[in-house]
Amino acid sequence: MSHVKTVGVYEGFVQLCSGYGGYNPGSPNLTLPALQELSAKARQALQDLAVAKSAMSQATNDREIAFNRLPKLVSAVSFALVSYGASEQTMKDIRVFLRQMSSRKKFRDPIPSDQSTAPVKANRPFSQRGYEAMANHFAQLVQLVSQEASYQPKEEHLSVEGLRNTVSTLHKLNASVNEARAAFSHARLHVFEVFYGERNSVVSTARAAKMYLRSIFGLNSNEYKPVRKMSFNKSRA
């Protein structure tokens, strides 16, 4: 059962409990206010998870767009170097960087499902390590270009200062993805704690409340029949 379905069933369960006049458990975590508070907490946890997942998706997309432009930029730099009379050795080194930045893996770091802690493969250009390596390769290229005294393009994005700004942007994008992935991981762990933790979670609380209803109304009572079919299972993830 998905998190969304679980919280939906739980909310229905709380509504049933609130309608029973004889529902008056001695356990503090099973009282109606406690059940309602837990319901709101579960909804908030799911909302926080959705926000974190969206932010991670945006961060990975922004980074991918920026890195996809690198081969074209490096190619433009190489032609500019030729026009400014760069040495053959410099051009050989530039061609090495160009090959490195044009060579892609078949996947990037996946956006994990909010239902699982296991990584899932996705069809993306680079792995996380690949993005870090690409940024470092490009930084080395910029350092090499900066040593060519004859390289003085007027185009801002091709200038040494413009290239250094691009290096800074690439590193910031990598950092943003790392931060977003960490935030998503924390949000997902919080969801599992709220929903499936050993104590006072949605599942453990609902199961205990069901046992209480059965004890006071009986297995075949009209009060217990509606909740009897409601299952609260721990995630297998």
Looking at the range 181-197, can you tell me whether even one residue there is part of a loop (DSSP other than H, G, I, E, B) and over 29 Å from I65 (Cβ atoms)? yes
Could you tell me which of the residues V145, V160 is free of Cβ contacts under 8 Å to residues at least 24 places away in the same chain and among the aliphatic types (A, V, I, L, M)? V160
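For the structure I just gave you, tell me whether A180 is touching a Leu at 6+ places or on another chain (Cβ under 7 Å) and of a type in the set (A, V, I, L, M, F, W, C).
On the way: touching a Leu at 6+ places or on another chain (Cβ under 7 Å): no; of a type in the set (A, V, I, L, M, F, W, C): yes.
Judged against the criteria, A180 is not a match.
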Qualifying positions in the range 59-73 - farther than 17 Å from H171 by Cα and β-branched (V, I, T): none
Quickly run through the range 196-237 and pick out the residues that are surrounded by fewer than 12 Cβ atoms within 10 Å (Cβ to Cβ) and touching a residue at least 40 places away in the same chain (Cβ under 8 Å). N233
Any idea which of (1) crowded, with 18+ Cβ neighbours inside 10 Å; (2) assigned to a helix (DSSP H, G or I); (3) at pLDDT below 95 is the one M56 doesn't satisfy? (3)
So which of R181, R164, R124 ends up being under 30 Å from F195 (Cβ atoms) and at pLDDT 85 or above? R181
Checking N61 against (1) of a type in the set (S, T, N, Q); (2) out of contact with any helix residue (DSSP H, G or I) (no Cβ under 6 Å at 6 or more places or on another chain); (3) buried (at least 17 other Cβ atoms within 10 Å of the Cβ), which single condition isn't satisfied? (3)
How many residues of the range 19-40 are surrounded by 13 or more Cβ atoms within 10 Å (Cβ to Cβ) and under 20 Å from N222 (Cβ atoms)? The answer is 4
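The values are calculated or read from the model by the stated rules, or taken from the named source; none is laboratory data. Just so it is clear, the structure is predicted and the values come from calculations on it, not from any experiment. Glycine gets a Cβ as well: all are built from the backbone with ideal geometry, and neighbour counts include every protein chain shown.
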